Amino acid sequence: MIDAIKLRILQGDPIIHDVRNASLPKLFRGLPVIENKSCANECSRCVEICPTNAISINPVKIDLGLCVFCPLCEEACPGKVIHFTNEYKIASDSRESLIVTNGTNTISVEKASEKIRSYFGRSLKLRQISAGGCNGCELELNALSNVNFDIGRYGIEFVASPRHADGIVITGPITQNMAKATEICYDAVPYPKIIILIGTCAISGGIFQYSEETQRKFLEENKIDLFIPGCPPHPLTFIHGLLDWLDKK
Amino acid sequence: MISLQVQNNQPFRIDEIPFLNKSDFVDSVSEGLSNGFRMIGLFPADKNVTHKIISLLIDPDFSSIHITGGEFPKDKLEFESFANQYPQTNYFECELAENYGYEPIGHPWLRPVRKQNIILGNKPYQFYKLEGDEVHEVAVGPIHAGVIEPGHFRFQCHGELVYHLEINLGYQHRGVEAMMLDTKNNQRVVLSESITGDTVIGHTYAHCSVIESLTDTQISLRAQVIRSVAEEFERIAMHLSGLGGVANDVGLAIVSSSYGRLRTLVINSLALLCGSRFGRGLFIYGGVRFDFNDENVKQIISNLEIVRKDVSAINKFLFSSTGALTRFENTGIVNKDIAQQIGLVGMAARSSGIETDARINYPYGAYRYFPVSLITLPSGDVFARARLRALEIDESLRFIFEQMENLSDGEIKSDVGSANPRSGIVSIVEGWRGEIVHIAFTDSEGKIIQYKIKDPSFNNWYGLSLALRKTAISDFPLCNKSFDLSYAGHDL
């Protein structure tokens, strides 16, 4: 008993109190910024080097739904037009808002409908489905429940059964072998229900957009409520996105 | 045995591999297996020439890899199965049958590896079934009760006791090996980072070593040390995560959350080095992208000092708790004999008393100059698999502190040329879970024509099945967490 108390004292106060203004290491690659500079003549190095076709030029645009946040484009750009900042607030409720252009300083989340907020604003239970996720996103989702991020304090929790859930959280590009299970799981969630996509693979297929083993029909047939980009997304990106969407302090 | 003998990361020419006829091939491979070698691969060297396969066996005593080729008649892709005598080859033969249509004659248990609903030997696959009074079957998955990856488990039980557990995987199959052939250089590193998100460093290390060996690229000592330090970061982080998991499964919440807190410190340290908590973006062909400097070294050292101090207090609490030890000891035993027969690797093998560690048996990179100690425990139960991880954390911390205090100077990147034609390479890395193997072959223009990946989970899932025999089904979560295997790494 004494030893358990000692362990508790050793824990100290590891929780991140202010999740809205936490600071991440300066090397962390979050929101990319596109400088107001013109590109060198006919330069398309960023487009060629990007492993997931996330970049288009004239003008330069980066789709965070496709971006795997590797530093290749930043390295390749001769005019230093693209650089990553450590801004982690990059979640959005619309796919279009994930496209970063010159002048994009923030990515924001529109409030959910009043019905959703009144149903889920104080308690949101989610069922996670790993549909080809490499376990990177899964580790970060698990980290949400640890003593640092403690998502339980906002009434958000991951549950075991889809019957107990208010929505599903999908990680991974949805493999053919998981396509049916994903549908069955979603069907088992009672209405009203939401879908959240976690990570680049779920949002666009990411690096697996070239794979022949994926089956993404489910995502075309259903409305997606929230997109959390990243490879994998930082836990704070998830928390921030959900709190904004549910309009909590 | 007739074979080409190479070392870890030693390039060779495809033409040097002896290709034997069927019966000589079977004899030669059997001889190797009878010498106590372990199989790490069985597949065609060229994906499109399926009637010519190679077998790769490793000899831990002499750090060598034996490669033997076999040429089969194109219309008769069959051979006598090795698996009845050497169970370790069982799953490799299943994989060969599934991917290339071979028939291992007399195979004891031909089953699907990654594909669902496939026909093997003219009939759809059926799970084993226990019959009799008061026996029952428990089916779990693919979606499990938690934030984890998918897989299907069938337990054949009598009362509380499990008599057989069958594990059916493949739900995570994304076609990584096929994509390795078709994608561009700049995509391959990102792809190898996504083989398993919990072993980013391990798999990317193996992949970069493959490309660097094929292109005869020398890596500076400083870059090698940074790679190894990152690998030990990953080992510590995932061992902390696993220990937190087993503590949680026996109801010790304070221990579990304490390990979780320390893991955050470790992965945040990795982010101080390279911007990603999992080490994504750190590796490039020819070295590493990010370097240690006075500022990040200072912060990382101070983080690790906390880990070193606190982890010993937490370990002491966990491993002296009678409640935890009662659950850990004699639960889910895989003894040394069985572990050797089925070819367990990595920390699970070391917990069954097998002396195997790629960092020592097949040294690579910085481990050639700065060795680590081999740690084994004899009991093969949950206790051993948990305790071993605690001991490995101490050893990894020692390695990191030693290296970070004595970093050599030098560049961290070397130039990479083009790949040698008609060459092959085997790269072995000891990830935190165990032995990771990447194997590649090139054609006459240096283009990669075959890429095989073997995650340690490929060997060890069967160990979990056997650990559950005559074990209470309520102990499954604990056994599962003690093995801590990857679905994505197996399914690829």
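Considering only B:SER269, A:VAL19, B:PHE92, and ranking their Cα positions along the charge dipole of the protein assembly as shown that arises from unit charges at the beta-carbon of Lys, Arg, Asp and Glu, the one farthest toward the positive end is A:VAL19.
For a modelled paramagnetic label at B:ASN48, 7 Å from Cα along Cα-to-Cβ, the residues of the range B:156-198 in reach, with backbone nitrogen under 13 Å, are B:182.
I'd like the FRET efficiency for B:ASN84 and B:SER312, computed as 1/(1 + (r/R0)^6) with the beta carbon distance as r and R0 of 30 Å, rounded to 0.05.
Values: r = 47 Å, r/R0 = 1.57.
Once rounded, the FRET efficiency stands at 0.05.
For the range B:135-223, trypsin sites (Lys or Arg not before Pro) meeting the loop criterion (DSSP other than H, G, I, E, B) and having at most 15 other Cβ atoms within 10 Å: B:LYS184. Computed log10 I(q)/I(0) for the range B:370-492 at 0.09, 0.13 Å⁻¹: -0.43, -0.79, from the Debye equation with unit scatterers placed on every C-alpha and solvent omitted.
Selection among B:HIS490, B:ALA324, B:ALA384 by position relative to the dipole of the protein assembly as shown gives B:ALA324 as farthest towards the positive end (Cβ unit charges, Cα centre). Note on A:LYS26 and B:GLU445: the model spin-label points, each 7 Å out from Cα along the C-beta direction, lie 4.6 nm apart. In whole percents, the pair-distance distribution calculated for the range B:327-392 from its alpha-carbon pairs, binned every 10 Å from zero, is 24, 47, 24, 5, 0. Here each label is just a point 7 Å from Cα along the line to Cβ, and for B:LYS298 and B:GLU16 those points are 4.9 nm apart.
Using only the alpha carbons of the range B:184-456, what is the convex hull's orientation-averaged projected area in square nanometres?
Details: hull surface 56.1 nm².
About 14.0 nm², averaged over all directions.
Cysteines of chain A lacking any other cysteine Cβ under 4.7 Å from their own Cβ: A:CYS39, A:CYS43, A:CYS50, A:CYS67, A:CYS70, A:CYS77, A:CYS134, A:CYS137, A:CYS185, A:CYS201, A:CYS231. Each label was represented as a point 7 Å from its Cα along the Cα-to-Cβ direction; for A:GLU183 and A:ARG8 these points are 5.0 nm apart. Here the extension length gained between B:GLN126 and B:THR322 equals 66.3 nm, from 0.36 nm per residue of separation less the Cα-Cα distance. Scaled against 2.2 N^0.38 Å for its residue count N, the alpha carbon radius of gyration of the protein assembly as shown is 0.92. Couplings 3J(HN,Hα) of the range B:152-159, computed from phi: 10, 10, 10, 9, 9, 10, 10, x Hz, in residue order, whole Hz [Karplus 6.51 cos²θ - 1.76 cosθ + 1.60, θ = phi - 60°; x for Gly and Pro]. Gyration tensor over the Cα atoms of the range A:53-205: the corresponding equivalent ellipsoid has semi-axes (square roots of 5 times the eigenvalues, largest first) of 31, 18, 15 Å. Of the GluC sites (Glu not before Pro) found in the range A:4-93, the ones in coil according to DSSP and having at most 15 other Cβ atoms within 10 Å of their Cβ are A:GLU35, A:GLU42.
So if I take the centroid of the Cα atoms in the range B:36-100 and the same for the range B:395-464, what is the distance between those two points in Å? Their Cα centres are 21 Å away from one another.
Counting every Cα pair in chain B, what percent are over 36 Å apart? Walk me through the intermediate numbers first.
Details: 34569 of 120786 pairs.
Considering chain B, 29 percent of its Cα-Cα pairs are separated by more than 36 Å.
Summing Lys and Arg as +1 and Asp and Glu as -1 over all other residues whose Cβ lies under 13 Å from the Cβ of A:PRO162 gives a net charge of +1.
Rounded to the nearest 500, what is the 222 nm mean residue ellipticity of chain A from helices alone, with -39500 (n - 2.57) per DSSP H run of 4+ residues and division by all residues? Numbers along the way, then the final one.
Working: 9 runs with 69 residues, N = 249.
It comes out at -7500 deg cm²/dmol, rounded to the nearest 500.
Using a 10 Å cut-off around each Cβ, can you sort B:MET238, A:MET178 from fewest to most neighbouring Cβ atoms?
On the way: B:MET238 23, A:MET178 30.
Least to most surrounded, the residues fall as B:MET238, A:MET178.
Along its first, second and third principal axes, ordered by size, the range A:32-88 spans 31, 20, 18 Å in Cα coordinates. Projecting the Cα positions of B:ILE14, B:LEU243, B:MET180 onto the charge dipole of chain B (unit charges on Cβ atoms of Lys, Arg, Asp and Glu, taken about the Cα centre) puts B:LEU243 furthest along the positive direction.
Between A:ILE34, A:ILE196, A:ILE15, the GNM of chain A built on Cα springs shorter than 10 angstrom shows A:ILE15 fluctuating the most. Loop-located GluC sites (Glu not before Pro) in the range B:124-224 (DSSP state not H, G, I, E or B) with no more than 13 neighbouring Cβ atoms inside 10 Å: B:GLU131, B:GLU134, B:GLU160. Over chain B, Cα pairs under 8 Å with separation of 6+ residues give a relative contact order of 20 percent.
Which helices pass in chain B if a helix is a full DSSP H run, must span at least 24 angstrom along its long axis by Cα, and must have mean Kyte-Doolittle hydropathy not below 0.5?
Span-like helices, by this rule, are B:253-274.
Read-outs: derived from the displayed coordinates by stated rules, not from any lab. On a predicted model such as this, the values are computed, not experimentally measured, just so you know. Neighbour counts run over all protein chains shown; Cβ positions are idealised from the backbone, glycine included.
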